[in-house]
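The values are calculated or read from the model by the stated rules, or taken from the named source; none is laboratory data. Everything numeric in this text was worked out from a predicted model, so none of it was measured. Positions of Cβ are backbone-derived with ideal geometry, glycine not excepted, and every protein chain shown enters the neighbour counts. When the accessible area is computed, the model is the full protein with side chains, heavy atoms only, and any ligands, DNA or RNA have been set aside. Shrake-Rupley method; radii C 1.70, N 1.55, O 1.52, S 1.80 Å.
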Amino acid sequence: MGAPIRSHISDYVETGPAEPSAEAGSSALEPRSSNPEPRRSRLLDYAEAKPPVRPDAEGRQAPKPGVPAYHTPVLVPAHPRYIDALDASGRPTRVPFIAYELFEHPTDGTVAFAFTTPARLVAALGEAQPWVATSIGPLAEGVREHGVTVRVDPRVAPGHRNWLPDDLAAYAREVR
């Protein structure tokens, strides 16, 4: 008849490829004794391999493990600012914009903080801290142009508050 059909699962448990034995009563699936080292599962090759770099939906390179995806929403310490200018008809007007707050870091120099939850922002900087929501990718690209890095969910020394409730009230009065 021919050689028996072998299951491929035995490739992962045998110590070597099976050879038909000339001895009576021996099985065709017995391992070879000439190769005592067990075969390694190819599944481990996939598990130990570095993940492939895949582009995201917009063609950008996907982030490395541990790095948030480009469009991950974050909360960034920031506040509104205004420039007094003249509009197209020559009338005085106030032009609003958002200013990200930057911080000094002992090893990274100037950094922008980004928080993944409001609770983490409040725990680090206090409940009076003004903030804006943005995506981590555009934030990182925008501040990188100025030599600034982004720190996600940083730890801040206890008791340090960037804005106090009185500061926020004074700012609100100033910009009205």
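Of everything in segment 84-96 that is open to solvent by 90 Å² or more (accessible area, probe 1.4 Å) and hydrophobic (A, V, I, L, M, F, W, C), the residue that is nearest to His146 (Cα to Cα) is Leu86.
Can you tell me how many residues in segment 98-117 are of a type in the set (A, V, I, L, M), more than 21 Å from the chain's Cα centre (by Cα) and open to solvent by less than 50 Å² (accessible area, probe 1.4 Å)?
Residues of segment 98-117 of a type in the set (A, V, I, L, M): 98-99, 102, 111-112, 114.
Narrowing further to those that are more than 21 Å from the chain's Cα centre (by Cα): 98-99.
Cutting the leftovers down to open to solvent by less than 50 Å² (accessible area, probe 1.4 Å) gives us 99.
Of the residues in that region, 1 qualify.
For the residues Arg173, Arg120, the requirement of being out of contact with any Pro (no Cβ under 6 Å at 6 or more places or on another chain), open to solvent by 40 Å² or more (accessible area, probe 1.4 Å) and within 12 Å of Leu75 (Cβ to Cβ) singles out Arg120.
Regarding segment 112-125, can at least one residue be identified that is outside any helix (DSSP H, G or I) and modelled with pLDDT under 90? Write out each step before concluding.
Within segment 112-125, the first condition is being outside any helix (DSSP H, G or I), and the residues that meet it are 112-117.
Pick out the ones that are also modelled with pLDDT under 90 and you get none.
Within segment 112-125 (the criterion being outside any helix (DSSP H, G or I) and modelled with pLDDT under 90), the answer is no, since none of the residues qualifies.
The lone criterion from (1) over 21 Å from the mean Cα position of the chain (by Cα); (2) in a strand (DSSP E or B) left unmet by Pro158 is number (2).
Of the residues making up segment 142-170, those that are open to solvent by 80 Å² or more (accessible area, probe 1.4 Å), among the charged types (D, E, K, R) and at pLDDT 85 or above are Arg144, Glu145, Arg151, Arg155, Asp166. Taking residues in segment 152-175 that are closer than 13 Å to Val122 by Cβ, and partners anywhere that are open to solvent by 40 Å² or more (accessible area, probe 1.4 Å), the pairs with Cβ atoms closer than 7 Å and at least 6 places apart or on different chains are Asp153/Thr116; Asp153/Arg120.
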